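Data first, discussion second: the structure below is written as structure tokens.
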Amino acid sequence: MNGVRSWRAHIGHGSTFTIADLSAAGTLVHAWLSRWIEAPEAPVLVDTAPGSPPVAGHRHKTGEWWTGSELEAATRRAAGRLVGAGLVPGDRLLWSTSSSVATLVVHIAALRAGLVVVPANTAYTAREIAHIVTDVRPAGAVVDDRRRGQWASEAAGGALTVFAPELDGPDHDPGLLDTARPEDPALIGFTSGTTGAPKGAVLTHANLLASVESVREAWRWVPDDRLVHCLPVFHAHGLCVGVYGTLSSGASAVLLPGFDPNSILDAADRYSASLYFGVPTTYHRLASSERVGELGRLRLCVSGSAPLAAELHRRVSDATGQAVIERYGMTETLMNVSNPYDGERRPGSVGFPLPGVEVSLADDDEILVRGPNVFGGYWERPDATTASFSPDPNGGRPWFHTGDLGAVSDDGYLSILGRSKELIISGGYNVYPAEVEAVLIGHPEVLDVAVTGTASDEWGEVVTAWVVTGHDGLVPEGLSEFAAERLAPYKCPRLVHVVGELPRNALGKVVRAELHVRPE
Ligand code: MLC
Ligand code: AMP
């Protein structure tokens, strides 16, 4: 026992929740369909961005709500178009678009048709898209930028159908839908795990459902709730919490194409929203807005994906009367730990395990998790999968090694102290030093390089390169263009330091702790 509080502390007074509820619906899609049957006329999703793509075969305008019954029909039609293009259950579908109802309709349609969706950041360059395509060999790609479609197609040697979110093309009978089983893969989320090159975490329908059901219970998410949704839909936070949670709760979401404090607060007001989910960078920007007090009108604000500084948590509380719930998740496990809805939401802590999740600390303080939310393994990487889990000596579920380091307070709250994995989190996006180093070393004037994160109030960390070059003191010419051609903008170093040599230990490994700017 390490003293972390049990997930039962999240269960509401009078709630009839049991662990069986995490899997009762079978699959996510079944959970959504039952909501749409129960309340066919209830508003579910609305686009707010002018010029949002139209939904295949439908004529809704921006600002017009989509109801449950309309989503059922639209996703059925979209599934028909995907099936008509030759996609069959188990096929991977690369999905890389900004947020819109049209793209979510395609996403839901893909899950209904038994396809495995592979989200990819819209900021990725040709190199990053090619890595994913080569790895998962998708049969189709949904993109809202022709160039990205071309990169995917080239990487697949042409063996891939490219769709826009509108899914132009003839209607087709989708055949039997919604037949995926709980244990079937639904999503492959790319992440580097604790080490190595980006690899796909394979999440089943059961994993996704369990995670959503546990946050639904913990955060008291109800059909009357309305989320201001401004996070990207191609990562776990915006997709598996924001979108899936909304659909599974029978609630509604207002889709914004990106973050801007005024747009968030205007949408919250105009649509009488009750929920806002953000990353620490967005709270930092909200806290600097004169209008921050308006957040106080919401029922609940949640922060995750990166550490929320205790000071920022307090600033937001003071300005809004709103104690943000900080929670902790990962692509491989979805949501693990959260501060409580009832009870103290402690600044600097992530709270206790969500319903159904168990957390333990290893001897070196690494956080281990297990539960129905935890993925089964990486796509075609049996060695990486084996290395990420420890068997339970008592024959229970194996423990997943998160690569995060934690500590538990006397009263059972978990805090994240740091990471054993080499990871930089900038504005909620993960950057793996090894990937950036591998790119920068390809520059002809870079002889050696190490990449670290430098603390930043706004971004959490900013990507920083330490380079050894032929000429003392000068940043190699064209280094930033070189990086920008090969790395998404958030991975490109914002700070570059030229050094004589890198500190290395006896094994030749760079000692990152010694790489920091020394005071003059
Ligand atoms: C954008 N830029 C970034 C960046 N986002 N640079 C570093 N880090 C980032 N995160 C770049 C832009 O390309 C631009 O570059 C410049 O910074 C200024 O852009 P901006 O307009 O100020 O940024 P903005 O578009 O407003 O984006 C900031 C942001 C966004 C914080 C809203 O990064 C964001 O949505 N982050 C959330 C990421 C997320 O959802 N993570 C969840 C992962 S799931 P230039 O060169 O054009 O000036 C996960 C599991 C879990 O981690 O627990 O949830
Ligand atoms: P990803 O691989 O993109 O899913 O990112 C997961 C990582 O984000 C975790 O392993 C943590 O390092 C980090 N993370 C997520 N939420 C939090 C949080 N609330 N506090 C600190 N780190 C977090």
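The values are calculated or read from the model by the stated rules, or taken from the named source; none is laboratory data. Just so it is clear, the model here is predicted, and its values are computed rather than measured. Here Cβ is always computed from backbone atoms with ideal geometry, including for glycine, and neighbour counts include all displayed protein chains.
Scanning the range 172-216 for residues that are surrounded by 22 or more Cβ atoms within 10 Å (Cβ to Cβ) and in contact with a His (Cβ under 7 Å, 6 or more places away or on another chain) yields ALA180, ALA186.
Quick check: is even one residue across the range 481-497 assigned to a strand (DSSP E or B) and either modelled with pLDDT under 95 or of a type outside the set (A, V, I, L, M) (or both)? Yes, because at least one residue in the range 481-497 is assigned to a strand (DSSP E or B) and either modelled with pLDDT under 95 or of a type outside the set (A, V, I, L, M) (or both). For ILE424, the test of being of a type in the set (A, V, I, L, M), free of Cβ contacts under 8 Å to residues at least 60 places away in the same chain and either within 16 Å of ligand 1 (Cβ to nearest atom) or under 15 Å from ARG327 (Cα atoms) (or both) is passed. One residue stands out in the range 317-342 among those that are farther than 15 Å from SER415 by Cα and β-branched (Val, Ile, Thr): the one that is nearest to ligand 1 (Cβ to nearest atom), namely THR331.
The condition of being touching a residue at least 24 places away in the same chain (Cβ under 8 Å), of a type outside the set (S, T, N, Q) and away from ligand 1 (no atom under 16 Å from the Cβ) holds for only one of GLU183, GLU154, that being GLU154. Considering only the range 439-452, I want to know if a residue exists there that is within 21 Å of the chain's Cα centre (by Cα), within 16 Å of ligand 2 (Cβ to nearest atom) and not aliphatic (A, V, I, L, M). Within the range 439-452, none of the residues are within 21 Å of the chain's Cα centre (by Cα), within 16 Å of ligand 2 (Cβ to nearest atom) and not aliphatic (A, V, I, L, M). Restricted to the range 474-508, and to residues there that are without any contact (Cβ under 8 Å) to a residue 24 or more places away in the chain, of a type outside the set (D, E, K, R) and loosely packed, with under 12 Cβ neighbours inside 10 Å, the residue that is farthest from ligand 2 (Cβ to nearest atom) is ALA506. For the range 278-300, the set of residues classified as over 24 Å from LEU417 (Cβ atoms) and within 16 Å of ligand 2 (Cβ to nearest atom) consists of LEU300 only.
Is one or more of the residues making up the range 353-367 hydroxyl-bearing (Ser, Thr, Tyr), more than 16 Å from ligand 1 (Cβ to nearest atom) and crowded, with 17+ Cβ neighbours inside 10 Å? Looking through the range 353-367, at least one residue is hydroxyl-bearing (Ser, Thr, Tyr), more than 16 Å from ligand 1 (Cβ to nearest atom) and crowded, with 17+ Cβ neighbours inside 10 Å. On the stretch given as the range 91-138, residues that are within 20 Å of LYS199 (Cβ to Cβ), surrounded by fewer than 24 Cβ atoms within 10 Å (Cβ to Cβ) and either among the hydroxyl-bearing types (Ser, Thr, Tyr) or more than 20 Å from the chain's Cα centre (by Cα) (or both) total 8.
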